[in-house]
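Structure first, commentary second.
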């Protein structure tokens, strides 16, 4: 009773500590002072701009209600398209607000022309509220158009709207790369997002960075008014180097920027009014959490008041407490535990309960589709199982035994009878497979991918601890050896990519090494020479696909060429790759082949699945392709190991 009371008190203390709102300095402004502009999109929690193609419309009442909220703090709003927002200028006039009216520009000239015609019509109908027209947003960054083409669109709108200022908006360095665009505009609208810089900026250096960039652009583009068209900070998402998303950091950034902008007399636009969950599909978790208000239009207290990174900490404490109390079944089965065991059991029980809830909380933030929800269920199930297994080992004083990874593969194929060792081996194999999938994603597609540190920390620590009591002989299995090398190489690659400044990445590196250590210890005498031909196949295939990606698919020199001559052979190839990637053809093909390879236990099918999955990994179908790669790889190595060591 004492042990559980102390553990629950520790759990409560943790959540109470991280959940308490903290005061953050606010800009010293007059009580009636309104802020300048804020980016606005009308979409609610389950809506996105892609739904317009399905017949979705935006109710005028939605726009009316949103502007009623925003007009209390802002004098201006910025839009990115006129789709669904035809009524917006009228409601802006109702609330005395100005509009930076955006026209969406992409790769399709026909759609671009339709958008420009709509924006010109709206600007003519509402001269009182339309302050300026913004022709395109980050189209150069997305490589969907050339600088000269964009400049021509700007001149077209200027000719149709004499007296209305016209500009374009993009990340600051693209203005320097395309001086012809600046020459065509009435003013320069730059985006400065410290979190998204190629060299991400920590929150402590963010204001100095913005001031430096703002002054640099003013010097390099003289004679033009400079407007900061986007700046902000995410409240959730993965860390990039020292740049950490959180509610507290978002409030610290926004309040610091407003104070700086007022002091320097800058014109600015904050991103953004409301969280946009649909952006998580393309940008990862971080994309959906730049808003000052939630999708339900609830104030996140970013502009004023104390801020908590875990405002729902009481619910999270209840979840952790419930998990801890479930372990009473283990404690009751081992009533003879002495003081030393209780001193190990209690911290492990409390810490694990907190970690599981933290991982569940993260999954609730980052999951957007069926695959990600299934991934969350699998990882949490494996984590909870290892958590209970470790607590049982502590309580009983007996280390669990498990089959080797190869023997576990045989068990799953029905070649070994059910036993506790077989179940423990299958559990370990599941942890290793999921960790390998996660490593692939973080090495090859890390930009929008979160670290699942909380979930994998428990198995990593548990299996490293189990290995301390391991007294068996090295296994005759190449899987352990190869997985250990994979984890070690992945740890090095992630550390280099993320830099030691990213403590989330540093924790993941430690997790990889903890997973690798016992696998390496258990396979000290194994040679991987029989796998050399397949290793060369993997390296060669991935190198070829990577060359195709960089040489054709994302080549900047082909943007203008394919815009002018889309029927050119190389442009047709580029377009075909884009369609295959967009429709996840690479991914589904690799998953189908991997499924056949597992079913047939065929080396040939494994090789084909590996090649197909490498295409998916190279062309951004990473989730399913990583799953296919690991399934095919495990099956291939298991088959080769069986051939190598069979009598």
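Numbers for the structure displayed
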quantity: Selection status of residue 238, at pLDDT 95 or above, within 30 Å of residue 47 (Cα to Cα) and under 23 Å from the mean Cα position of the chain (by Cα); calculated: yes
quantity: Filter result (assigned to a loop (DSSP other than H, G, I, E, B) and at pLDDT below 90) within segment 27-55; calculated: 27, 28, 29, 30, 31, 32, 33, 45, 46, 55
quantity: Residues being farther than 19 Å from residue 544 by Cα, surrounded by fewer than 24 Cβ atoms within 10 Å (Cβ to Cβ) and touching a helix residue (DSSP H, G or I) at 6+ places or on another chain (Cβ under 8 Å) - total across segment 592-607; calculated: 8
quantity: Single match in 325, 355, 382, 403 (criterion: touching a residue at least 40 places away in the same chain (Cβ under 8 Å) and either surrounded by fewer than 21 Cβ atoms within 10 Å (Cβ to Cβ) or not in a helix (DSSP H, G or I) (or both)); calculated: 325
quantity: Residue 416 vs. criteria outside any helix (DSSP H, G or I), in contact with a helix residue (DSSP H, G or I) (Cβ under 7 Å, 6 or more places away or on another chain), more than 18 Å from residue 515 (Cβ to Cβ) and free of Cβ contacts under 8 Å to residues at least 60 places away in the same chain; calculated: yes
quantity: Exclusive hit being without any contact (Cβ under 8 Å) to a residue 12 or more places away in the chain, closer than 30 Å to residue 141 by Cα and in a helix (DSSP H, G or I), set 540, 578, 535, 544; calculated: 544
quantity: Scope segment 98-122; condition touching a strand residue (DSSP E or B) at 6+ places or on another chain (Cβ under 9 Å) and free of Cβ contacts under 8 Å to residues at least 24 places away in the same chain; matching residues; calculated: none
quantity: Selection count where residues are crowded, with 23+ Cβ neighbours inside 10 Å and under 22 Å from the mean Cα position of the chain (by Cα), scope segment 202-214; calculated: 1
quantity: Positions within segment 328-346 being in contact (Cβ under 8 Å) with a residue 24 or more places away in the chain and in a helix (DSSP H, G or I), in sequence order; calculated: 328, 330, 331, 333, 341, 342, 344, 345, 346
quantity: Residue that is assigned by TED's automatic domain parsing to the domain that holds residue 454, free of Cβ contacts under 8 Å to residues at least 24 places away in the same chain and surrounded by 17 or more Cβ atoms within 10 Å (Cβ to Cβ), where the choices are 509, 492; calculated: 509
quantity: Unmet requirement for residue 262, which otherwise passes all of (1) over 24 Å from residue 78 (Cα atoms); (2) surrounded by fewer than 18 Cβ atoms within 10 Å (Cβ to Cβ); (3) in contact (Cβ under 8 Å) with a residue 60 or more places away in the chain; calculated: (1)
quantity: Matching helices (runs of 4 or more DSSP H) fully within segment 115-214 where at least 2 residues are assigned by TED's automatic domain parsing to the domain that holds residue 89 and within 30 Å of residue 87 (Cβ to Cβ); calculated: 147-160
quantity: Enumeration of residues in segment 162-195 that are more than 27 Å from residue 125 (Cα to Cα) and either at pLDDT below 95 or out of contact with any strand residue (DSSP E or B) (no Cβ under 8 Å at 6 or more places or on another chain) (or both); calculated: 173, 174, 176, 177, 178, 179, 180, 183
quantity: Selection from segment 123-139 of residues that are crowded, with 22+ Cβ neighbours inside 10 Å and free of Cβ contacts under 8 Å to residues at least 60 places away in the same chain; calculated: 123, 129, 130, 132, 133, 135, 136, 137, 139
quantity: Those residues of segment 496-506 which are in a helix (DSSP H, G or I), surrounded by fewer than 17 Cβ atoms within 10 Å (Cβ to Cβ) and either in contact with a helix residue (DSSP H, G or I) (Cβ under 9 Å, 6 or more places away or on another chain) or assigned by TED's automatic domain parsing to the domain that holds residue 630 (or both), in sequence order; calculated: 497, 504
quantity: Per-region count, segment 215-243, residues surrounded by 16 or more Cβ atoms within 10 Å (Cβ to Cβ), part of a strand (DSSP E or B) and in contact with a strand residue (DSSP E or B) (Cβ under 6 Å, 6 or more places away or on another chain); calculated: 5
quantity: Condition check for residue 368: touching a residue at least 24 places away in the same chain (Cβ under 8 Å), in a helix (DSSP H, G or I), surrounded by 16 or more Cβ atoms within 10 Å (Cβ to Cβ) and in contact with a helix residue (DSSP H, G or I) (Cβ under 9 Å, 6 or more places away or on another chain); calculated: no
quantity: Which listed residue, of 74, 50, 43, is surrounded by fewer than 16 Cβ atoms within 10 Å (Cβ to Cβ) and in the same structural domain as residue 137 (by TED's automatic domain parsing); calculated: 50
quantity: Candidates 558, 636 - the one that is within 27 Å of residue 430 (Cβ to Cβ) and assigned to a helix (DSSP H, G or I); calculated: 636
quantity: Test set (1) within 18 Å of residue 526 (Cβ to Cβ); (2) at pLDDT below 95; (3) surrounded by fewer than 20 Cβ atoms within 10 Å (Cβ to Cβ); (4) touching a helix residue (DSSP H, G or I) at 6+ places or on another chain (Cβ under 8 Å) - residue 477 fails condition number; calculated: (3)
quantity: Members of segment 608-639 found to be farther than 18 Å from residue 444 by Cα and surrounded by fewer than 19 Cβ atoms within 10 Å (Cβ to Cβ), listed by number; calculated: 608, 639
quantity: Qualifying residue in segment 280-290 (condition: surrounded by fewer than 21 Cβ atoms within 10 Å (Cβ to Cβ), in contact with a helix residue (DSSP H, G or I) (Cβ under 8 Å, 6 or more places away or on another chain) and farther than 30 Å from residue 583 by Cβ); calculated: no
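The values are calculated or read from the model by the stated rules, or taken from the named source; none is laboratory data. Computed from a predicted model, the values in this text were never measured in an experiment. A quick note on method: Cβ atoms are made from the backbone with ideal geometry, for glycine too, and the neighbour counts reach across all protein chains shown.
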